[in-house]
Amino acid sequence: MLFKSFLHRSQLALLRFLVDFTPPVNYMAFSGAGSADQLCGHIRQAGKTRVLVVTDKGLCDLGIVEKAISGLRSRGIDVVLYDGVLPDPTFEQVLEGADIMRAHGSDAVLGVGGGSCMDAAKIIAAAATSNQDPREWVGFNKIKHDVPQIYCIPTTSGTGAETTMGGVIKNSERREKTIISDACLMPAAAALDPNLSMGLPPAITAATGMDALTHAIEAYISLWDRGTSKSSSSAAIDLIYRYLPIAHSDGDNEEARESMSLAAYYAGMAINQVNVGNVHAIAHQLGGRYGIPHGIANAMVLPHVLEFCSDETEDALAELGRLVGLGSSDSTSAELARNFIVSVSDLRDKIGIPPQSELIKIEDHSMLAESAVKEGAGYPVRKLLDKKTAMHILEQLTI
């Protein structure tokens, strides 16, 4: 394990060197009630005249999509919809959307919805302008052509996909989630409009909120510290602890909805700079294999991974404990770190996310653990995940 850790640190040092020489990322977001219309105006000012809107049928049926994109139509932009995105979008859905984009001659793509819709929008934009199979882009920086500009309007507050350069697409044949990440997939602008998340069901509010919290915590305890990753992730954690319970219990609270939108955005900024960690390495396997929603999978796994790496991340976890008001002035770092881990479990329980799932099968543990270890080795984590630990965590998640 010592050799693996040394090799991991060496590989990350090389990757960090390369990343530090990539062009800086520019973030642009319109925020507050009515910001979706502001984004639509911005898209028109950017000279876009034909826009593909990528979303899901449920949002269309609820009228949320039309509310979000009415500013495009009122400004004379020709709009075509692809509403075939399902939770955990697949490469098949990407290719369907790409066919529609080509036929329409779209010069921009707007993702409206949760992370699935925004992730699909990114890869559709790339696939529609290439003859390559998008499966060939799995990994980092493999897209070699110009991609039409991508815009995002999130209707949940979780993935932060509106501010990241990656998209998660499921390989339906292998039942695996894959990641495609490239600077050309970075959204040109986003709108964080609380009007579009008003009345979001409590269960979705809970799952997406814990997804954002996972992003923020993994970024904060990362081996890397780049750009605004620490300040962005700490701002997100502070907002989530204060406003997620309110948004969960009162779905029409505008202040809570806007604060959660900002939290997800800040958390997305953080992981865009330092990536995620072992929580995602395990959660991706649960989503790919069983279709467990990503936020729920993250929420189940998060406390266990924090326990696993608590010695290596004690100081960072203690700082987060102080941030959210745990402990006292004379509490030790160990006490604050322990209190923070407990508080994560308490928050998850308070908003009704179960700690286990009956979908997880014991006979799959070994295969899932191996895949999680392999994925985790590519992240800037302070402690490498090993198969024994991954198996132990999966046992605790299994009913």
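We did not get these values from a lab; they are worked out from the coordinates using the rules stated. From a predicted model like this one, the values you see are computed outputs, not experimental measurements. Reconstructed Cβ throughout: ideal geometry from the backbone, glycine too, with neighbour counts over all protein chains shown.
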Exercise. Using only C-alpha positions, report the orientation-averaged shadow area of the convex hull of the range 26-196, nm², one decimal.
Key: 8.8 nm²
Quiz prompt | Cα centre as origin, Lys/Arg/Asp/Glu Cβ charges: the range 26-196 dipole, Debye | solution = 260 debye
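Show me 199-205, 221-227 ranked by packing, highest mean number of other Cβ atoms within 10 Å first. Display every interim value, and only then the final one.
On the way: 199-205: 17.1, 221-227: 19.1.
For the peptides 199-205, 221-227, the packing ranking is 221-227, 199-205.
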Quiz item: Which of rounded, prolate, oblate describes the range 60-124, given a ≥ b ≥ c as roots of the alpha-carbon gyration tensor eigenvalues and a/c under 1.5 marking rounded, otherwise prolate only if a/b is larger than b/c?
Solution: oblate
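Which loop-located GluC sites (Glu not before Pro) does the range 145-212 contain, where loop means any DSSP state but H, G, I, E or B and the Cβ has at most 13 other Cβ atoms within 10 Å?
173
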Quiz item: Helix 229-249 versus the longest principal axis of the chain: what is the Cα-based angle in degrees, 0 to 90, to the nearest 10?
Solution: 80 degrees
Quiz item: So which lysines pass the test for residue 48, namely a Cα distance under 23 Å, with those fewer than 8 places away in the same chain ruled out?
Solution: 67, 122, 144
Quiz item: Fewest to most neighbouring Cβ within 10 Å: what's the order for 300, 198, 165?
Solution: 198, 165, 300
Quiz item: In nm, to one decimal, how far is the modelled label at residue 329 from the one at residue 246, with both set 7 Å along Cα→Cβ?
Solution: 2.8 nm
Quiz prompt | Net charge contributed by nearby residues that have their C-beta within less than 14 Å of residue 160 (K/R +1, D/E -1) | solution = -3
Quiz item: Of the peptides 39-50, 231-242, how do they stack up when ordered by the mean number of other Cβ atoms within 10 Å, highest first?
Solution: 231-242, 39-50
Quiz item: So how do 387, 122 line up by other beta-carbon neighbours within 10 Å, fewest first?
Solution: 387, 122
Practice problem: Using a cut-off of 13 Å between beta-carbons, work out the net charge of the residues near residue 379 (Lys and Arg +1, Asp and Glu -1, residue 379 not included). | Solution: +3
Practice problem: Could you give me the percent of Cα pairs per 5 Å distance bin for the range 307-399, shortest bin first, beginning at zero and ending with the bin that holds the maximum distance? | Solution: 2, 13, 17, 16, 19, 18, 9, 4, 1, 0
Practice problem: Based on other C-beta atoms within 10 Å, arrange 260, 269 from fewest to most. | Solution: 269, 260
Quiz item: Which number gives the lysine pairs in the range 201-397 that have C-alpha atoms under 22 Å apart and are eight or more places apart or on different chains?
Solution: 7
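Sorted by mean Cβ packing within 10 Å, highest first, what order do the peptides 60-67, 153-160 take? Don't jump to the answer; show the numbers that get you there.
Numbers: 60-67: 16.1, 153-160: 28.6.
Highest-to-lowest ranking by the protection proxy: 153-160, 60-67.
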Quiz item: If each of residue 4 and residue 66 carries a label point 7 Å out from its Cα toward its Cβ, how far apart are those two points in nm?
Solution: 5.5 nm
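What size of dipole, in debye to the nearest 20, comes out for the chain about its Cα centre when the only charges are +1 on Lys and Arg C-beta atoms and -1 on Asp and Glu C-beta atoms?
800 debye
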Quiz item: Taking square-rooted eigenvalues a ≥ b ≥ c of the alpha carbon gyration tensor, is the range 106-173 rounded, prolate or oblate, where a/c under 1.5 means rounded and, failing that, a/b exceeding b/c means prolate?
Solution: oblate
Quiz item: With the Cα gyration tensor of the chain giving a ≥ b ≥ c as the square roots of its eigenvalues, does the rule (a/c under 1.5 for rounded; else a/b larger than b/c for prolate; else oblate) give rounded, prolate or oblate?
Solution: prolate
Quiz item: Counting each DSSP H run of 4 or more residues in the chain as -39500 (n - 2.57), what helix-only mean residue ellipticity at 222 nm follows after dividing by all residues, to the nearest 500 deg cm²/dmol?
Solution: -17500 deg cm²/dmol
